[in-house]
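Engineer: Below: one structure in structure tokens.
Readers should treat all values here as calculations from the given coordinates under stated rules, not as data from a laboratory. This is a predicted model, so every value here is computed, not measured. Ideal geometry is used to build each Cβ from the backbone, glycine not excepted, and the neighbour counts take in all protein chains shown.
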Amino acid sequence: MALRKVLLEGDSSLRKKSREVTDFDQRTQELIDDMFDTMRAEDGIGLAAPQVGVLKRIFVMDAVEDNEATAFINPVLLDEKGEQTGAEGCLSLPGLYGIVSRPEEIRVRAQDITGKEFERTYSGLEARCVCHEIDHLYGILYRDRATGGLHKLDAEEDEDGSREDSGKKEPAAKRVDANA
Ligand code: NI
């Protein structure tokens, strides 16, 4: 197990476009293994290679619903349906969240570590995560898509700025399902 350093917003690598992967080799496998380890150590549900400073079209997503943890190499969005609006966070922007609209359902094609193509359909949180990670591969951060700017996770205020009632609502941190 090897953990990699997650780059934070402000690092220029996060704003660069990642390159297509052509080598399906041991080095790529090690990168993917490290990305899974790093994602889990950081308590994220997804992580894209540029977040660890590698400008390759790779992201990983943990098992968040019924689907198994998966690595996506050279992912492409094939289709999207509907819309969901909700809180989103990013390991490269710790302590923050924002409200982002994403498709409710997506279909993605990618390659596995052997180079074999596969297609999957995801909805809800997983669809949100896939879109967030593919954005990373184009140098896009969710800040660019957030409506009303970003908010601090520890702020005990509602979105309209009013204070919460005593413990009736979940803390803001609980509202962010997609740290990715
Ligand atoms: Ni992210």
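Engineer: If you count, for each residue, the other Cβ atoms within 10 Å and average over each peptide, how do 93-104, 39-50, 61-72 line up from highest to lowest?
Structural biologist: For the peptides 93-104, 39-50, 61-72, the packing ranking is 39-50, 93-104, 61-72.
Engineer: What does DSSP give for the chain in terms of the percent of beta bridges that are antiparallel, rounded to the nearest 5?
Structural biologist: Beta bridges within the chain, antiparallel portion: roughly 95 percent.
Engineer: I've got another one for you. In degrees between 0 and 90, to the nearest 10, how far off the longest principal axis of the chain does helix 26-41 point, with axes built from Cα atoms?
Structural biologist: 20
Engineer: For Glu68 and Asp33 in one chain, what is 0.36 nm times their gap in residues minus the Cα-Cα distance, to one decimal in nm?
Structural biologist: Working it through step by step, the gained length comes to 11.1 nm.
Engineer: Could you work out how far helix 124-137 tilts from the main Cα principal axis of the chain, as a 0 to 90 degree angle to the nearest 10?
Structural biologist: Between helix and principal axis, roughly 60 degrees.
Engineer: Most exposed first by the Cβ proxy, i.e. fewest other Cβ within 10 Å, how do Cys131, Cys90 rank?
Structural biologist: Cys131, Cys90
Engineer: Here's a follow-up. What is the calculated FRET efficiency for Leu3 to Lys152, with r their C-beta to C-beta distance and R₀ = 35 Å, to the nearest 0.05?
Structural biologist: The formula returns an efficiency of 0.85 here.
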